[in-house]
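> Sharing a structure, written as structure tokens. Questions coming.
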Amino acid sequence: MTSIATQPRGSRVRNHLVEVAYRLFLREGIRRVGIDTILAKSGNAKATLYKHFRSKTDLTIAALDLHETLWTRRRLEAQIDASRQAPIERLTEIFDFFNDWFNGGEFEGCLFISVLLEFPRGGREHRAASAHLGKIREIVCRLARDAGLSRPQQFTQIWHMLMVGSIVSAGEGNRRAAREAKSAGSLVLGAWPRVAASRSRKAASHRQPRLAPKSSTQAIRK
């Protein structure tokens, strides 16, 4: 597990509680980790925890925020921004990053996906996890637009399904999940229309001369 850097908000005690909960939630799941376990691992009293968090739900949402900072921003987005490849190659490079993640000894799944599976739709935890996943789609959509892909939002939904599916598959033990998702993604990219191509086809259709309609007299003569 990558070491957790200092969080930008909150006191040192609060941040420590979030970091301990985050590690436990990733490894064991949120519902399986009780408050007493978090307190035992953190070395804090229950009164200290409830001074900073009204409920376990609040602590869970703080852990999700930390996951965005550590994984979405400092790992996924940082890898994409550091790449010197064109945007279209950066899309497939996501799965190269995933492959290293799945096979590097640090893979413990994705906390956002775990929350979606553990909690009912409509709850605060589920809504928060969905919002965080939406921010990952924003990153993908930006790449899709920069790559000149037509219908970037629709493309983003499909690409995100490949990303999430590969994470779930890796969680099942498939260490080839990222490479297989990359292969599938290459097929999607190969068939996906580009903005320039769709515009040129539209322009060509406008330039194509139209045949003048035959008069009724000409039709009768024939």
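> Output the residue which, of all residues in region 77-111 that are within 26 Å of residue 128 (Cβ to Cβ) and in contact with a Phe, Trp or Tyr (Cβ under 7 Å, 6 or more places away or on another chain), is modelled with the lowest pLDDT.
In this case the residue turns out to be 107.
> Would you please list the contacts, defined by Cβ atoms under 8 Å and residues six or more apart or on different chains, that run from a residue in region 1-21 that is under 17 Å from residue 43 (Cβ atoms) and among the acidic types (Asp, Glu) to a residue that is at pLDDT 95 or above and buried (at least 18 other Cβ atoms within 10 Å of the Cβ)?
19/66
> Same structure again: Looking at the structure I just gave you, is residue 122 under 21 Å from residue 179 (Cβ atoms) and assigned to a loop (DSSP other than H, G, I, E, B)?
no
Conditions tested, residue by residue: (1) closer than 22 Å to residue 125 by Cβ; (2) not β-branched (Val, Ile, Thr).
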| site | (1), (2) |
| --- | --- |
| 32 | yes, yes |
| 39 | yes, yes |
| 43 | no, yes |
| 51 | yes, yes |
| 56 | yes, yes |
| 61 | yes, no |
| 83 | no, yes |
| 88 | no, no |
| 107 | no, yes |
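> Could you check region 128-160 and list, in sequence order, the residues that are buried (at least 19 other Cβ atoms within 10 Å of the Cβ) and of a type in the set (Asp, Glu)?
Residues satisfying the conditions do not exist here.
> From 93, 106, 125, grab the single residue that is among the charged types (D, E, K, R), closer than 20 Å to residue 28 by Cβ, touching a residue at least 12 places away in the same chain (Cβ under 8 Å) and surrounded by 15 or more Cβ atoms within 10 Å (Cβ to Cβ).
125
> Looking at (1) crowded, with 17+ Cβ neighbours inside 10 Å; (2) touching a Leu at 6+ places or on another chain (Cβ under 8 Å), which is the only condition residue 101 fails?
(2)
> On to the next question. Just checking, how many residues over region 156-170 are more than 13 Å from the chain's Cα centre (by Cα) and over 19 Å from residue 96 (Cβ atoms)?
Selection size over region 156-170: 0.
The values are calculated or read from the model by the stated rules, or taken from the named source; none is laboratory data. Model, not experiment: these values are computed from the prediction. Quick reminder, even Gly has a Cβ in these numbers, built from the backbone with ideal geometry, and neighbours come from all protein chains shown.
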